[in-house]
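Asks: One structure, pasted below without further comment.
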Amino acid sequence: MRILFAALLAGLLALSAPARADDLATVIADYDAFQAWSDPLWSAPPEDREALARLPDVTPAADARRAQTLADLQRRLEALPAAGLDPEARLNRDVLSWLIAAEREQLAFDIARMPFSSDGGFHTTFVYLPHRAPMTSRADVAAWIARLEAAPGFWRDHIANARRGVASGFVQPRTTVEPVLAQAREMAAAPVEGDAALAPFDRLPDALSAQEKAQARARGIAAVAELRQAQAEFAAFLETEYLPAARDGLAARDLPDGARFYAAEVRRHTTTDLTPEEIHQIGLSEVARIRGEMVAIKDEVGFEGDLAAFIASLRADPKFHAQSREALLEKASEIAKRIDGELPAWFATLPRLPYGVRPVPAQIEAGYTTGRYLQGDPERGVAGTYLVNTSALDQRPLYELPALTLHEAVPGHHLQIALAQELEAVPDFRRQAGMSAFVEGWGLYAEKLGGEMGVYRDPYERFGRLSYEMWRACRLVADTGLHWKRWSLDQARACFAENTALSPLNIEVELARYVSWPGQALAYKVGELKIVELREQARAELGEAFDIRRFHDAVLLAGALPLDLLEARIEAWIAAEATD
């Protein structure tokens, strides 16, 4: 199968030869085709049925082809004349240029050598994929079986990449590897029959006979049994090769070429040229500001102790915790539905795609974050999903649930991502763009907006929102502290323990994530601060003519953007609004 894809990519390279007259549309078309080949899981268009049967090729040879194609695309893009491009075309060019540069930088660092983090990786692929698998035809069934049968090779290619990481010293810290090893052992030992990858066989199309359905399931079971062997190999590799080579230190800057690597990750996740030191100082300033607001709420409810005592009292009070998994999920669903009813007053354009609320899968919940959004697929009839971690109920305070729901569901990730997916007359790459600073900045802005929308019903829920904002401010301090200043875990932990109401379990899960995913935690606050700044600028310049619904359209209806391009877009929108 790799021969087929090599031929496809060779065709792309031939199409991009200088002999052909180039224009922006052809460069974009070639980039979209490249992405469909490179990432069949998330970037292939709905009509690409063949992509449903594939997993990404993650071998060094495939990455070399990626690097060659991206370099050629960037050269072609830079050679295009800027004159004559309308604003939308310029935006297409600028976003594409940013994406290509970011992808090339990742490939230059050979990031494939580090194929897992505490938050997930290749080994959790089939935790998320089954609910997205279409099962409406024989072709869909065959495609899913083909993906399952390709999974052992996919695992082994990633193991080979991680082995290159061991050889070159580009490895995760020991504190990251140990819980991933435990998870890998559990996956390898799990019963085949209960595997999530078999769930699509519960909704086989009616066009299949009973015998065909039985045969399809049997092939799926056989494929998962083969996957178990590869999963066992991964666990053994981690135990015997990777863990002995894992780093005792935590700082990304101590990796080979680590200072340059961390600076690149900061740039990629924030889409800015802010330095780690500048971001650290922004974090400290935000911590001080938010702490003052938290103290004000403590005083409002009449608590006489200091902030630390107030937080301790909240953590210990059973009234702030659900009594069952079902109760927690039902509460999240109720909050989500209540927010839905407020959206039209704040947003002129709403997505058509619905979303559901589901628990985090049991096999990954122990080390998983509190909640997450999984994007849907409008073209394939897959709704978005708001995942809620229903384990360790005494660590999931209800006063934080409104902020979590605003961020992960609406008007946060689901609203923003589904709107981007439904954009018309824009290239595929614009619908799928996922710049962290924009996406996560919008999610944090949505938490803040929830206060204006009336979502927080009492001081404790408002405190929960501030605790979540403080969490993101502490991320600026902790991520740069860990990876740039070479802090210990205790130093990083102090910001969260002393300033947020996050549970001890949540703090530990989050710290593990920051250690193993350098720079990503910076996106939230950096992005939110820029969106808030642009909103304040628009309100100041437009005065009574400022319309919050139109502002939100201006932010959202171009898809995710690097922050400098978002700023330019909003400034142009302000100028246009002022002349209306």
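Asks: Which residue is nearest to Thr59 (Cα to Cα), if the candidates are limited to segment 107-127 and must be out of contact with any Lys or Arg (no Cβ under 6 Å at 6 or more places or on another chain) and among the hydroxyl-bearing types (Ser, Thr, Tyr)?
Replies: For segment 107-127, the residue satisfying everything is Thr125.
Asks: Being in contact with a Leu (Cβ under 9 Å, 6 or more places away or on another chain), without any contact (Cβ under 8 Å) to a residue 40 or more places away in the chain and in a helix (DSSP H, G or I) is true for just one of Arg147, Arg104, Arg93. Which residue is that?
Replies: The conditions single out Arg104.
Asks: Also, I was wondering about something else. Within segment 424-453, work out how many residues are out of contact with any Asp or Glu (no Cβ under 7 Å at 6 or more places or on another chain), more than 15 Å from His552 (Cα to Cα) and of a type outside the set (D, E, K, R).
Replies: Going through segment 424-453 one residue at a time, the tally reaches 9.
Asks: It is to be established whether one or more residues within segment 287-298 are surrounded by 13 or more Cβ atoms within 10 Å (Cβ to Cβ), outside any helix (DSSP H, G or I) and not β-branched (Val, Ile, Thr).
Replies: No, there is no match, as no residue in segment 287-298 is surrounded by 13 or more Cβ atoms within 10 Å (Cβ to Cβ), outside any helix (DSSP H, G or I) and not β-branched (Val, Ile, Thr).
Asks: Return the residues of segment 107-156 that are under 16 Å from Ala188 (Cα atoms), within 24 Å of the chain's Cα centre (by Cα) and of a type in the set (Gly, Ala, Ser); say none if nothing qualifies.
Replies: Those that are under 16 Å from Ala188 (Cα atoms), within 24 Å of the chain's Cα centre (by Cα) and of a type in the set (Gly, Ala, Ser): Gly120, Gly121, Ala151.
Asks: Tell me yes or no: at least one residue of segment 527-542 is over 25 Å from Ile282 (Cβ atoms), assigned to a helix (DSSP H, G or I) and under 24 Å from the mean Cα position of the chain (by Cα).
Replies: Pass one, segment 527-542, residues over 25 Å from Ile282 (Cβ atoms): 542.
Subsequent filtering for residues that are assigned to a helix (DSSP H, G or I) retains 542.
Then keep just the ones that are under 24 Å from the mean Cα position of the chain (by Cα); that gives none.
The answer is no; no qualifying residue exists.
Asks: State which residue pairs qualify: first residue charged (D, E, K, R) and inside segment 525-549, second residue not in a helix (DSSP H, G or I) in any location, beta carbons under 8 Å apart, and separation of 6 or more residues or different chains.
Replies: From residues that are charged (D, E, K, R), the pairs are Arg539/Phe546; Arg549/Trp346; Arg549/Phe347; Arg549/Ala348.
Asks: Which condition breaks for Ala216 when tested against (1) part of a helix (DSSP H, G or I); (2) of a type in the set (Gly, Ala, Ser); (3) surrounded by fewer than 19 Cβ atoms within 10 Å (Cβ to Cβ)?
Replies: (3)
Asks: Condition first: more than 21 Å from Asp317 (Cβ to Cβ), surrounded by fewer than 23 Cβ atoms within 10 Å (Cβ to Cβ) and touching a His at 6+ places or on another chain (Cβ under 8 Å). Can you find one or more residues in segment 391-404 that meet it?
Replies: Initially, segment 391-404 is screened for residues more than 21 Å from Asp317 (Cβ to Cβ), giving none.
No, segment 391-404 contains no residue that is more than 21 Å from Asp317 (Cβ to Cβ), surrounded by fewer than 23 Cβ atoms within 10 Å (Cβ to Cβ) and touching a His at 6+ places or on another chain (Cβ under 8 Å).
Asks: So which residues in segment 1-53 are of a type in the set (Gly, Ala, Ser) and either modelled with pLDDT of 70 or more or in contact with a strand residue (DSSP E or B) (Cβ under 7 Å, 6 or more places away or on another chain) (or both)?
Replies: Across segment 1-53, the qualifying residues are Ala25, Ala29, Ala33, Ala36, Ser38, Ser43, Ala44, Ala51, Ala53.
Asks: Give just the number: which of (1) without any contact (Cβ under 8 Å) to a residue 60 or more places away in the chain; (2) surrounded by fewer than 22 Cβ atoms within 10 Å (Cβ to Cβ); (3) in contact with a Ser or Thr (Cβ under 7 Å, 6 or more places away or on another chain) does Trp471 not satisfy?
Replies: So Trp471 meets the others, but not (2).
Asks: Being part of a helix (DSSP H, G or I), in contact with an Asp or Glu (Cβ under 7 Å, 6 or more places away or on another chain) and outside the structural domain of Leu96 (by TED's automatic domain parsing), is that true of even one residue in segment 498-512? Quick ask: steps written out before the conclusion?
Replies: Of the residues in segment 498-512, the ones part of a helix (DSSP H, G or I) are 498-499, 504-512.
Of the ones still in play, those that are also in contact with an Asp or Glu (Cβ under 7 Å, 6 or more places away or on another chain) are none.
No: zero hits.
The values are calculated or read from the model by the stated rules, or taken from the named source; none is laboratory data. Since we're looking at a predicted model, the values are computed, not measured. Note: ideal-geometry Cβ built from the backbone for every residue, glycine included; neighbour counts use all protein chains shown.
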